[in-house]
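J.: This is the structure I want to talk about, given as structure tokens.
Quick note: the coordinates plus some simple rules give every number you see, no bench work behind them. Only a predicted model underlies this, so the values are computations on that prediction, with no experimental measurement involved. With ideal geometry, Cβ positions are generated from the backbone for all residues, glycine too; neighbour counts draw on all protein chains shown.
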Amino acid sequence: MMMPFRVFVTATDTGVGKTETSCALLSLLAEAGHRPVGFKPYESGCEDLERPADALRHKQASGASEPLSQVSLHRFREPLAPGVAAERLGQVPDFQKTLDAFHAFQGRSVVVEGAGGLLVPLDSQRRVIDLVSALQLPVVLVARAGLGTINHTGLSLEALFRRNLPVKAVVLSKGFEGVDVSEEDNPRWIARLYGVPVFGPVPFVQDAALRHETFRQVLRPLLDTTGIRPG
């Protein structure tokens, strides 16, 4: 019987590659014979609340058959932190509902994707890091590849370490074409300073299909190190 692969994908900021990372992991797991599910409990910026873009991409990458209502619980139209968007609507997202939905995937490989960075509010009392802590999952932290990432990545890692939350890897993602001389040194320095595996930088690729395959190739060794060998 295959051991389930379970991680929480978060980031140092919004728009740095969480969904690309999540989808790459899900498709690699599906390829390896797992029945993975992508769980995106909080999603903002939904142009169509019936078709949350990130959750739909998870389903496509994983091939999972679960209905959206099980994998995409709290959806908001405005591109704001979930807690902020909910408050504007006079709502309080049900945190227990989120936990119950996750625990329904018992025994399955699951990739949970957060919203924004670790300190983004989910409601008036909880932030993304509180969800990581409640689920007790190892973290894959996605960060920009270039100048400034040592600081931003370090702040996020130290927040996780203070709560004794395990970090499986850091993934550095390049968000633009061009040269940033810091990219050559950043992976080595982050690994040396914080003792975590660092993958990337994932190069910038404009085409969506090629970008997905590029993330898959960079992240394939992450699954290899856990005994999962995608074909």
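J.: Condition first: within 27 Å of LEU131 (Cβ to Cβ) and surrounded by 18 or more Cβ atoms within 10 Å (Cβ to Cβ). Now tell me which residues in region 168-186 satisfy that.
T.: LYS168, ALA169, VAL170, VAL171, LEU172, SER173
J.: Among the residues that make up region 120-138, is at least one of them crowded, with 17+ Cβ neighbours inside 10 Å and farther than 21 Å from PHE8 by Cβ?
T.: No, region 120-138 contains no residue that is crowded, with 17+ Cβ neighbours inside 10 Å and farther than 21 Å from PHE8 by Cβ.
J.: With respect to the numbered conditions (1) under 21 Å from SER44 (Cβ atoms); (2) surrounded by fewer than 18 Cβ atoms within 10 Å (Cβ to Cβ), which one is the sole condition not fulfilled by GLY107?
T.: Going through (1) under 21 Å from SER44 (Cβ atoms); (2) surrounded by fewer than 18 Cβ atoms within 10 Å (Cβ to Cβ) one by one, GLY107 breaks only (1).
J.: Taking region 10-37 as the search range and keeping residues that are over 10 Å from the mean Cα position of the chain (by Cα) and outside any loop (DSSP other than H, G, I, E, B), which one is nearest to ARG77 (Cα to Cα)?
T.: VAL37
J.: Name the residues in region 199-213 that are surrounded by fewer than 20 Cβ atoms within 10 Å (Cβ to Cβ) and either in contact with a strand residue (DSSP E or B) (Cβ under 6 Å, 6 or more places away or on another chain) or more than 25 Å from ARG6 (Cβ to Cβ) (or both), would you?
T.: Of everything in region 199-213, those that are surrounded by fewer than 20 Cβ atoms within 10 Å (Cβ to Cβ) and either in contact with a strand residue (DSSP E or B) (Cβ under 6 Å, 6 or more places away or on another chain) or more than 25 Å from ARG6 (Cβ to Cβ) (or both) turn out to be PRO203, PHE204, VAL205, GLN206, ASP207, ALA208, ALA209, LEU210.
J.: Looking at ALA61 and the list (1) surrounded by fewer than 16 Cβ atoms within 10 Å (Cβ to Cβ); (2) at negative phi; (3) touching a residue at least 12 places away in the same chain (Cβ under 8 Å), which single condition is not satisfied?
T.: (1) is the only condition that ALA61 fails.
J.: Still on this model: Taking only pairs six or more apart or across chains, which ones have beta-carbon atoms under 8 Å, a first residue in region 114-134 that is farther than 16 Å from ARG162 by Cβ, and a second residue that is acidic (Asp, Glu) and crowded, with 19+ Cβ neighbours inside 10 Å?
T.: Note: pairs meeting the criteria are ALA115/GLU43.
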